[in-house]
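One structure below.
Laboratory data are not the source of any read-out in this text; all were calculated from the coordinates shown. Please read these numbers as outputs of a predicted model, since none were measured by experiment. Ideal geometry is used to build each Cβ from the backbone, glycine not excepted, and the neighbour counts take in all protein chains shown.
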Amino acid sequence: MIRVGVVGQVVIDRIIATVGHSETMVSSTTPMFTEFGGKAFNIAAAFEKIGFETMLISAIGNDDESQKVRAAITEAGINDELLLSASTADARRVINTPSAYLTEGRFGERKVHIKTDERLHTSYVRACKRAKKWAKDFDVLVFTLEFDDILLSAVSDLIREVKASNPNALIVGNPAPRRTATENPHPHVAELLHLADGLTPNRYEATSLLAAPDWKPDELKRDDYVTHAKRLAQIYGVDWCVVTLGKHGWAWWHSKFQGGSSQIRPAKLKNKVGASDVFTAVLCAALYLGDHITVASTIAATSARLAVSRSGGVERFPNGREIMGALRRMHNTSNSIANSRFCDWISR
């Protein structure tokens, strides 16, 4: 069994029903609907659906919604031993589970405003410290940038422990949500990204990490992002970087194979929340199993295509059988896909 650790936040997604601006905070009267998510939760759920044993390294509050969140994690099959609940001696002190407010940005992207009770910080640090006991068992470790910058050093310490205990472990950074593109990343962000083997930003996160506020991501061509992927890999010293471009495909760069870009036929959009997280999980799985980055990214994109064509909830994450069916329908003439390590593993 392949064991995966995912480090990041579990949140209650409060998704704005009207198009606004990413710079505008959400008013109490804004129509919205909620579901359980967060990048870490989504990535962990996607890993679990394809058969990887997954542990979520995070924390939740002690409010009424926290039990619903834990129930959703259990329903998804995710191991919650490293998901700590906030505790307090005074039961009247309610610590809320983090909320993520999702709005539309000025270029059409989703912008995430995460509201986290600072009293949860201690629980996040404890979760990372406790996870060190499993360091030698993690074959893949994926982290996000959802924690406040001051907490990221605890994630870096965990990754160092994993790398020391299991040098063959695959360490991948999903640098979301994006920071403001008008200043350089916090030193803790840079430290953390340097520890990764690979990165999976979307085009807005890539632009932010390159500190290029004048770039308009939707006006750049796909091949421009090959250059961005290469530059990010060079800046942060990682082996590879894949930049996701939504319906426009993806661009990649690898230290051994140079770079490229591609695209598959878009699906009819129902819900794009979580699609990039499916991409990250399946990409990491295929790369860990030994597939070439072009094969791995095509399998990941096909899997993400399934996710965007479905409504919310855990059901939107495709399982191995569904991914295999989609690969046969869309790439039935590709020997590299049919003979991939990922397809062989899923078929067992």
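What to note about this one:
- Measuring between alpha carbons in the structure, the pairs from K136/K256; K133/K163; K39/K115; K221/K256; K49/K247 lying more than 20 angstrom apart are K136/K256; K221/K256; K49/K247.
- Contour excess over end-to-end distance, with Cα ends at R328 and D157 and 0.36 nm allotted per residue: 57.4 nm
- Each label was represented as a point 7 Å from its Cα along the Cα-to-Cβ direction; for H248 and R130 these points are 4.3 nm apart.
- Under 5 Å between amide hydrogens, built in the peptide plane, is the criterion, and for V10 it picks out A59 among residues at least 5 positions away or on other chains.
- Length released on extending from E191 to T294, taking residue separation times 0.36 nm less the Cα-Cα span: 34.3 nm
- Annotation: extensible slack from I264 through N319 equals 17.8 nm (criterion: 0.36 nm per residue apart, minus Cα-Cα distance).
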